Amino acid sequence: TDGGGWVLVGRGRDGWRWDGDAQGTPAQIAKAPTGPSAFAPKKLSTATVDALLGGKRVDALTDGIRLRRAANADGTSWQDVRLRIRSLASWSWAFGAGHPLTSASFDGTSFSGATSRDAGTTSTTSANRLRRVWTYESQANGWVRGFNHGQAVAGSTGSSSYLYATGSGYATPFTQVFVRPRLRQSDLSFATVPDTGTGAVTALPVARSGSLAQPWGVTGTGSGGAGELGTEVQAFAQVGNTMYVGGNFTTVRNQSGSQSVKQSYLAAFDATTGEWISSFRPSLDRQVRALAALPDGRLAVGGDFTSVNGVLRRSVAVFTTSGALDRTWTAGVVRRTGDEKASVRAMDVAGGRLYLGGRFTHVVRGSASSAMPYVARIKLSTGSGDGAWKPRINGTVADLDVAADGKRVYLAGYMTKAAGRTVRKGLALSTASGAGIASPAWKPRYSTTGTATYQQAVRQVGSRVWLGGSQHSMFAYDASTLALKAAHLTRAGGDLQAIGDNGRIVYGGCHCGDWSYTGATSYDTLKVGSTSVAWKQAGKISLLGAWENATGAFVTTFAPQWKSRGGFGVWAVTVAKDGTLWAGGSIQTSVKDGGGNQFSGGFARF
């Protein structure tokens, strides 16, 4: 075609994955480029396609992207579609995100539609029938992922049909995806590889998209209700080789369902194998929302509870290294205004102190009481509240993280005042006595001009501070200047809810299931196909995304496939000492590494 040089980078009918990971192998694509044996989609990874382009931008491709689509059910008629991307630096399989186009043609005939959505993106191109390409998922065709035709094009679910359809229209055709790199030998330079080999290249330590085998999980919802603030798993903490899991669950059960044991709100699992540790059987009356490993091997627990093992514990409890309730620890929190229901939603440990964030007004120990609304710290040596550190904030703390140097504590939540000054729901406080606002003052950027500006997750990772929250923002700030360095928004949903890391990769949990847009800072004005593109790159995200900390870039190769009760997504993220990623929330099932679904009660491991 046109002199050759086209490279087949993917082919298939229904069931494409829009993440950046490879789907199958290059050998499978080459062995079966067409025909019914090629209907199961196979595609190259984004890294491989970028390498084929020789480092050149996708929007610089002279010939654009070529789709060769079946035009009838028996595969004897074909259509040639050309898409030229307006602005895209590197390859992305996230066609449904709507990369804007400069032009499109069907069998050589250019098309220009009336609106940007009808004509101008990889999400929807052209009008109807055979002159339409739409790649977003829709109920109209049974949520089938592919390079779909218009409403009037019929198909079937037959194994030999080149047009797949679960209904009367919107057929998904067998499609081949080509690019045509124009690389000349004279433009390329290849260094001689010495006999000893090239120098080592350290790969990004990002988790695989398929989940690990999971022998046990948690199920059921308890005192926290069945909404998004009552997900089955809300916190992790590792002590030794034990991973503690806290949340709103009521039961632990094994993979097959043959064993199901009543165990509410807090359970322990082997950090290596995922096996349930049945000897740890605490009894709490309400849900757990925060966990922290103490320096001496004890476990601190925070939440909505008032009783642990039949003993009064007001939203805070500590367990000994043997798994018993620490009877010497009596400090807790209460709420003496409003509905008087206290809750600890966040914990961190630094400098011999346990930091608490949540919804409370006072720290209590025995009969002693001290007003410390929403955020406080307790001296581990005495178990008493630190009265010299009172930030005086006015709103619930959803998350907190003490800086690596111990000089600041970062807060995310609903606060608008601190120490008598106006703040923006993301706050950096000094850990010195007095708890003043740290300098320079942090002024996080809101992703909306509306009222939904709350922030839900914060974490310092090296030289970056990551803040996630409402209207679907995941922003990174310079840890020294607190200036915005990287911005990402998810669309069409949803809020960022938890952050974890392994030093080089930052993971963000959310109730999102569509796309992550790099460079976007305003959800209100985030559009696809607009004349002015307010974002640089788009990638597929599903409940949990990965970002490279140093560059702030979205890592497209990590895109787990799983199901979440209510779509509430991931509310807890941690990386175990062995590098395994644990992610929890209202997770129900996940696709395993190597394929196939499995029960993933409350959490999954990668």
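Observations, loosely collected:
- The residue that is surrounded by the most Cβ atoms within 10 Å (Cβ to Cβ), among those in the range 260-302 that are among the polar types (S, T, N, Q) and touching a Gly at 6+ places or on another chain (Cβ under 6 Å), is GLN287.
- GLY108, sole failed condition from (1) out of contact with any Lys or Arg (no Cβ under 8 Å at 6 or more places or on another chain); (2) over 25 Å from ASP59 (Cα atoms); (3) modelled with pLDDT of 85 or more; (4) surrounded by fewer than 21 Cβ atoms within 10 Å (Cβ to Cβ): (2)
- Of all residue pairs spaced 6 or more apart or on separate chains, those with beta-carbon atoms under 6 Å, a first member in the range 363-379 that is β-branched (Val, Ile, Thr) and part of a strand (DSSP E or B) and a second member that is surrounded by fewer than 18 Cβ atoms within 10 Å (Cβ to Cβ) and at pLDDT below 95 are VAL363/SER370.
- Yes/no for GLN456 being surrounded by 19 or more Cβ atoms within 10 Å (Cβ to Cβ), modelled with pLDDT under 95 and outside any loop (DSSP other than H, G, I, E, B): no
- Matching entry among GLY357, GLY310, GLY302 (being at positive phi and in contact (Cβ under 8 Å) with a residue 24 or more places away in the chain): GLY310
- In the range 333-362, residue nearest to ILE393 (Cα to Cα) [restricted to those that are in a strand (DSSP E or B) and charged (D, E, K, R)]: ARG359
- Flag for THR76 being at pLDDT below 95 and within 25 Å of GLY108 (Cβ to Cβ): no
- Qualifying positions in the range 403-419 - under 20 Å from THR481 (Cβ atoms) and over 23 Å from the mean Cα position of the chain (by Cα): ALA404, ASP405, GLY406, LYS407, ARG408, VAL409, ALA418
- Matching residues in the range 1-41 - criterion: being under 19 Å from VAL58 (Cβ atoms), surrounded by fewer than 20 Cβ atoms within 10 Å (Cβ to Cβ) and modelled with pLDDT of 95 or more: TRP6, VAL7, LEU8
- Subset of the range 335-354 [hydrophobic (A, V, I, L, M, F, W, C) and without any contact (Cβ under 8 Å) to a residue 40 or more places away in the chain]: ALA342
- VAL465 under 26 Å from ASN394 (Cα atoms), aliphatic (A, V, I, L, M) and buried (at least 24 other Cβ atoms within 10 Å of the Cβ): yes
- Counted residues, the range 483-528 - those being on the phi > 0 side of the Ramachandran plot, modelled with pLDDT of 95 or more and touching a Lys or Arg at 6+ places or on another chain (Cβ under 8 Å): 0
- Some residue of the range 46-60 being polar (S, T, N, Q), within 26 Å of the chain's Cα centre (by Cα) and within 29 Å of GLN561 (Cβ to Cβ): yes
- Selection from the range 551-579 of residues that are assigned to a loop (DSSP other than H, G, I, E, B), among the polar types (S, T, N, Q) and over 21 Å from TRP466 (Cα atoms): GLN561
- In the set TRP571, TRP562, only one residue is over 11 Å from the mean Cα position of the chain (by Cα), modelled with pLDDT of 95 or more and not β-branched (Val, Ile, Thr); that residue is TRP562.
- Count of the range 409-428 residues, restricted to those that are touching a residue at least 40 places away in the same chain (Cβ under 8 Å) and within 18 Å of VAL461 (Cα to Cα), is 6.
- Checked against the criterion of being under 21 Å from TRP466 (Cβ atoms) and surrounded by fewer than 24 Cβ atoms within 10 Å (Cβ to Cβ), the candidates GLY413, GLY395, GLY383 yield just one match: GLY395.
One line per residue, one yes/no per condition, for (1) loosely packed, with under 11 Cβ neighbours inside 10 Å; (2) closer than 18 Å to PHE95 by Cα:
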site: TRP143; (1), (2): yes, yes
site: GLY150; (1), (2): no, yes
site: SER156; (1), (2): no, no
site: PRO173; (1), (2): no, yes
site: PHE178; (1), (2): no, yes
site: ARG182; (1), (2): no, no
site: PRO194; (1), (2): yes, no
site: PRO205; (1), (2): no, no
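- Candidates in the range 490-509 are the residues that are buried (at least 22 other Cβ atoms within 10 Å of the Cβ) and among the polar types (S, T, N, Q); of these, the one that is farthest from ASP578 (Cα to Cα) is THR490.
- Unmet criterion (only one of (1) surrounded by fewer than 24 Cβ atoms within 10 Å (Cβ to Cβ); (2) not in a loop (DSSP other than H, G, I, E, B)) for TYR523: (2)
- Cβ-Cβ under 7 Å pairs, at least 6 apart or on other chains, the range 433-444 side polar (S, T, N, Q), far side surrounded by 15 or more Cβ atoms within 10 Å (Cβ to Cβ): SER433/TRP389
- When residues of the range 420-449 are limited to those that are of a type in the set (S, T, N, Q) and either buried (at least 23 other Cβ atoms within 10 Å of the Cβ) or assigned to a strand (DSSP E or B) (or both), the one nearest to the chain's Cα centre (by Cα): SER447
- Some residue of the range 390-400 being without any contact (Cβ under 8 Å) to a residue 12 or more places away in the chain and either at negative phi or aliphatic (A, V, I, L, M) (or both): no
The values are calculated or read from the model by the stated rules, or taken from the named source; none is laboratory data. This structure is a prediction, so every number in the text was calculated from the model and none was measured. FYI the Cβ positions are ideal-geometry reconstructions off the backbone, even for glycines, and counts take in every protein chain you see.
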